[in-house]
Structures are given as C-alpha cells and as structure tokens.
1. Which residues, counting only those in the stretch 258-268, are out of contact with any Asp or Glu (no Cβ under 8 Å at 6 or more places or on another chain) and away from the ligand (no atom under 15 Å from the Cβ)?
2. Would you point out the residue of the stretch 242-262, among those that are more than 14 Å from Cys290 (Cβ to Cβ) and β-branched (Val, Ile, Thr), that is nearest to the chain's Cα centre (by Cα)?
3. Say whether the condition of being of a type in the set (Val, Ile, Thr) and in contact (Cβ under 8 Å) with a residue 40 or more places away in the chain is met by at least one residue in the stretch 178-189.
4. So, of the residues in the stretch 252-273 that are crowded, with 17+ Cβ neighbours inside 10 Å and hydrophobic (A, V, I, L, M, F, W, C), which turns out to be farthest from Lys317 (Cα to Cα)?
5. Which of the residues that make up the stretch 45-83 are among the small types (Gly, Ala, Ser), within 25 Å of Arg117 (Cα to Cα), over 27 Å from the mean Cα position of the chain (by Cα) and assigned to a loop (DSSP other than H, G, I, E, B)?
6. I'd like to know if the stretch 297-311 contains one or more residues that are surrounded by 14 or more Cβ atoms within 10 Å (Cβ to Cβ), free of Cβ contacts under 8 Å to residues at least 12 places away in the same chain and either within 15 Å of the ligand (Cβ to nearest atom) or not assigned by TED's automatic domain parsing to the domain that holds Gln133 (or both).
7. Out of Thr254, Thr278, Thr301, which single residue is touching a strand residue (DSSP E or B) at 6+ places or on another chain (Cβ under 9 Å) and over 23 Å from Gly205 (Cα atoms)?
8. Within the stretch 207-232, can you find the residues that are away from the ligand (no atom under 16 Å from the Cβ) and either of a type outside the set (S, T, N, Q) or under 15 Å from His292 (Cα atoms) (or both)?
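The values are calculated or read from the model by the stated rules, or taken from the named source; none is laboratory data. Note that the coordinates shown come from a computational prediction; the quantities given were computed from them, not determined experimentally. Cβ placement follows ideal geometry from the backbone for every residue including glycine, while neighbour counts extend to all protein chains displayed.
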Amino acid sequence: MQKMNRLRRLAACGLAAMLMLLAPVAHAAQGKVNTSSLVLRKSASKTSKALQTLDRGDTLEVLSSTGDWYKVSYGKYTGYVMKQYVKVSGKVEEQTSVKEETKQPVADLGDAPATSRPGDSGSHVKKLQQALQNKGHYNGKIDGIYGSGTTAAVKAFQKKHGLSRDGIAGKVTIKTLFGENAADDKTIATESLKWFGNENTIPKGATVTIKDVQTGKTFQAVRWSGANHMDTEPASKEDTATMKSIYGGSWSWTRRPILVKYNGHVYAASMNGMPHGTSTISNGFDGHFCVHFTGSKTHETNRVDSDHQSCVQTALKSTW
Ligand SMILES: [Zn+2]
C-alpha cells in the first residue's frame, strides 16, 4: 500500500514537472499563506487599512516585493502582506517604491483593456473576449458581456499561466494575456488553409477576426454555414460598418485579400463584399458574405474561383 502511494506521488510529481516544462514561463509568483490569520493591507505598513483576513493555505499572486512586504493580488483585492507569513514559489520582482508609484502596466500594452470583472460590459470586455478567443480559451459570442462564459475563459487562462484562478481580469491577468498576444501577433505566421478536408477548422458559429490586407482594418465575423467555402456574417452593426468602410462605402462582389484570425492561427483568405442569401444576425447586413480559402469553391458554379484564389495568394504573402 505504501509503495503504491509512493508510486502515485512519484507519478504526480513527474506529471507536475512535465506540466511545468510544457507550461510557458509563469508571469507571477505564487504565494501560500503559512499562518492562521494574515491581514491583507492597503499599503505596505502595519497601520494601513485592512482589506481582508487570509487563512492558512490561501493562495496569492505575488506581484512584487518591497522591504518586508509583498504586494499581492487576492481575489478582487490588491494589497500588501508581511513576507514572513507567505511561502513563495517562483521569482518575485523587487520593486522600489518610486517605481511603484509611477508604474502603469496596463497603459504600456497599447490595445489592452482596463481591468474588468464578472458583471462588467462594454468594449473593454469585447477586447478581453477576443484576446481569450485568440488564445483558444473562449468560444462564445464577442458580445462585451462579462458573464459565466467569459469568467470560465479567464479562469482557464489563469490556470494555464499559474495565476490565481479568480475569474477576474485583473492587472496581472491582463498584462499576461495582452503581453502575450502582442508578442504572438508579431510572430504568427500566415497559413494556407486547404479548404476541402478542413472545412471545420473554423467551426460553424465561431467568431473570427478578419483583417483586410489592403487597408489594415479589422472586424469581427461569425461563421454561419457553408460547405464549398465559409459563409460568414459581420458579428455586429459596428462590424458591418467597418466592413462597409473597407469597401469604400458601397457593397460589391469585388474580392479582397484578407487574413482570418482564429484560435491563435492566421489564415490567408479572400472575401467578397455583397450581402446575399440568408442572414441570422441582427447586424444591419442583409445576408452573408463569402470567405474563400485555398481550393474552396463557389456556391452556384461549384468551381474554384480564380479571383478569390489570387487574393488568397496575396494574403499569404502578408502577415497580421
Ligand atoms: Zn457563400
């Protein structure tokens, strides 16, 4: 029996070590409270306001170190705890107080949204959802509503990065997510998606981001259906407006080279700009439009469209 347990422990250790090797470098150190009652304070002083009392075994995200204190994130709180009562795994950044005052991590990340939490809504939540989807954690609607799906996606992302799994897109989570996305955007190679045989690489109902190669404008779109190619609708009225501006203000069948970003991949594609046929989303776009990939065919004539394919080739030479 004891041998079994030891084996099991060894197996668990091996697995943990393997996971650590596979996991990207953790962005924040983890801390564990090693006393029965630890006060989380607003600032690094024993007389500072108490925000919360922590129990033994509670886990924290350790953000930085200053004097005898760690700056930590715990649930919705960011505050300070005495170093001696926290066991830390991982590297903690030493922070001088001057830096601490002037540091604005979110502002450095360009497109990163402000900190948000369950119950929030708005364009900052949309950005969050899109980033989570790009990382493969979120498959719901990009609707700007921080509901249970978004919360679960944030938790999944936090788990993957060894962050405290509170489901809140706090500073560290945002920094990790958008820091990584910014790096990814520069390095994602544009891929050719050979349509037949891979028709469901982007599943029906999935939201993608489309970038028009010539203008650099982006909008979100939802795959509605399509067997010969991908039938797609702009995700919202706002997205319809962006698409229309790409087409110079009037819809047309003209093919344009585009990049389609989905689940961390960027695929070379071509679109037309004429609303036609079925519409399923209330987005001001009366129908859907067609997105072609390598080797895809048109509806009516069931043939490979050379104009679409030449746009796919142009898109293939560009990067996100
Ligand atoms: Zn179509």
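1. Leu259, Lys261, Tyr262, Asn263
2. It comes out as Thr242.
3. yes
4. Among them, the one singled out is Met271.
5. Filtering the stretch 45-83 for residues among the small types (Gly, Ala, Ser) gives 45, 48, 50, 57, 64-65, 67, 73, 75, 79.
Checking the rest, the ones that are also within 25 Å of Arg117 (Cα to Cα) come to 50, 57, 64, 73, 75, 79.
If we keep only those that are over 27 Å from the mean Cα position of the chain (by Cα) as well, we get 50, 57.
Within the stretch 45-83, just Gly57 meets the criteria.
6. Yes.
7. Checking each option against the conditions leaves just Thr254.
8. Residues satisfying the conditions are Thr209, Lys211, Asp212, Val213, Gly216, Lys217, Phe219.
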